[in-house]
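J.: Can you keep this structure in mind? I'll have questions shortly.
The values are calculated or read from the model by the stated rules, or taken from the named source; none is laboratory data. Only a predicted model underlies this, so the values are computations on that prediction, with no experimental measurement involved. Here the Cβ positions follow ideal geometry from the backbone for every residue, glycine too, while neighbour counts run over all protein chains shown. These area figures cover heavy atoms from the full protein model, side chains too; ligands, DNA and RNA do not enter into them. Shrake-Rupley method; radii C 1.70, N 1.55, O 1.52, S 1.80 Å.
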Amino acid sequence: MFHPALPDAAWNAFTVGDYDTAVFEAFKSIEVAVRTKGGFASTDFGGALMKKAFEPDTGPLRDKAAPRSRQKARCDLFTGAFGEIRNPKGHNDPTITDTLVAAEELMTAGVLRRIVDNA
């Protein structure tokens, strides 16, 4: 059900009910994948990194074959996911108490990871 490249730390945290950590670890792995694949510095992170990576005109991970509107939507998808799903966990604002919500957020991470893998 989860992307195979998501880290063991995410899966292990999920299995013991530490859902915020699971989601944080999953999104952290996406951030690392984007940084590595896009050739960014370790000082690039979070939503700002996603904007740079998927920016429709210059982002190294943008889909050059897609119409501009989809390129912008992909940039917005990554930036929004990091702002809404990853950031609360990264700033110690625990929010997930429901297993289904955690699973959905991990599956969202999987979709984002697949996009990065195919970029």
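J.: With +1 assigned to the C-beta of every Lys and Arg and -1 to the C-beta of every Asp and Glu, and no other charges, what is the dipole magnitude of the stretch 23-62 about the Cα centre in debye, to the nearest 20?
T.: Rounded to the nearest 20 debye, it is 60 debye.
J.: Each label point is 7 Å from the Cα along the Cα-to-Cβ direction; what then is the distance between the points at ASP63 and LEU100, in nm?
T.: My value for the distance between the label points is 2.9 nm.
J.: In nanometres, what is the gap between the two model label sites at ASP76 and ARG114, each 7 Å from Cα along Cα-to-Cβ?
T.: Once both label points are built, they end up 2.2 nm from each other.
J.: So what is the relative contact order for the chain, in percent, with contacts set as C-alpha pairs under 8 Å and at least six apart?
T.: 35
J.: Which aspartates and glutamates have a Cα less than 20 Å from the Cα of LYS37, not counting those fewer than 8 places away in the same chain?
T.: Partners within reach: GLU25, GLU55, ASP57, ASP63, ASP76, ASP117.
J.: On to the next question. Where Lys and Arg each count +1 and Asp and Glu each count -1, what net charge lies around HIS3 among other residues with Cβ under 9 Å from its Cβ?
T.: That sum, taken over residues with Cβ under 9 Å, equals +1.
J.: Next up: Given labels modelled 7 Å from the Cα in the Cβ direction, how far is it in nm from ALA41 to ASN12?
T.: Taking the simple label geometry, ALA41 and ASN12 are separated by 3.2 nm.
J.: How much of the accessible area of the chain, probe 1.4 Å, is carbon plus sulfur, in whole percent?
T.: C and S atoms contribute 54 percent here.
J.: When you count, for each residue, the other Cβ atoms within 10 Å and take the mean per peptide, how do 53-60, 42-49 rank with the highest first?
T.: Averaged packing, sorted descending, gives the order 53-60, 42-49.
J.: Further, regarding this structure: Please list LYS28, LYS52 in order of solvent-accessible area, largest first, computed with a 1.4 Å probe with all protein chains present.
T.: From most accessible down to least: LYS52, LYS28.
J.: Find the accessible area per residue for the chain; the probe is 1.4 Å, ligands and nucleic acids are left out, and the unit is Å².
T.: Roughly 54 Å² per residue, with all protein chains present.
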